[in-house]
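A quick write-up on the structure given underneath.
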Amino acid sequence: MKFQLNKNQSIFSVKQSGAALFVSLVILLVLTVIGLSAARRSTLQEKMASNLHVKNLAFNAAESAIGGFVVDSHLDGRLLPGHVLFDIGNVVGNTSEYCYDNTGTGVACGAVQLDSDHGNAITSKVIATVLTYCGVCPGYSLGDTGSTGCIDYQLDSTGTVATQSESTTLFAFEVVACY
């Protein structure tokens, strides 16, 4: 078979017929793969940001429980039933569980918790434990009277958002009259 060329054609145009279509399809395929990869990466980054946000919400809920307990412990009526420090008592090893809502008010654990959450997806709980009774008070010079000392508490708090939980611990003490 013999090709005839007119004066505007060259030998290269005859040999490359259809090559432009093939090259453009390959370039289109490469661009599609790059686009899909970028979309997948974007989705993964969005999931990571969402998980980090939920983790921070859970940690803030745990911190909120400790804050609520500390506020409750400073309320008047330390010697009256219902006060958080009265309820936990002075016995080493005693524990009490407290839950708080979005206003920092103590609520029954299992009730609607934070942020008008009706499905109990967000909870804020602290477990207070008495570590020592009438021990040495750190940073205080109370003399050798033997009638004052410290109650040491460990506050283990857990915040939960859906299935993500975060915990934090606070060690606190209270100066008391020992008897």
Length added when fully stretched, Leu44-Leu75, from 0.36 nm per residue minus Cα-Cα: 6.5 nm
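Rounded to the nearest angstrom and ordered from largest down, what semi-axes does the equivalent ellipsoid of the stretch 45-177 get from its C-alpha gyration tensor (root of 5λ)?
33, 16, 10
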Cβ crowding within 10 Å averaged over residues, with 26-35, 168-177, 65-74, 46-55 ranked highest first: 65-74, 168-177, 46-55, 26-35
Point-to-point label distance, Phe22-Ala162, nm (Cα→Cβ direction, 7 Å offset): 5.0 nm
Rg to Rh, two decimals, where the stretch 19-81 supplies the alpha carbon set and Rh follows Kirkwood: 1.64
Spacing of the two label points (7 Å from each Cα toward its C-beta) at Leu52 and Phe86, in nm: 4.7 nm
Extended-chain gain in nm, criterion 0.36 nm per residue less alpha-carbon gap, Leu131 and Leu29: 30.0 nm
For the stretch 45-177: relative contact order, % (alpha-carbon pairs under 8 angstrom, 6 or more apart): 27 percent
Summed residue charge, Cβ within 12 Å of Gly82's Cβ, Lys/Arg positive, Asp/Glu negative: -2
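Bear in mind that the values in this text are calculations on the coordinates, not laboratory data. Quick caveat, the model's predicted, so the values are computed rather than measured. Reconstructed Cβ throughout: ideal geometry from the backbone, glycine too, with neighbour counts over all protein chains shown.
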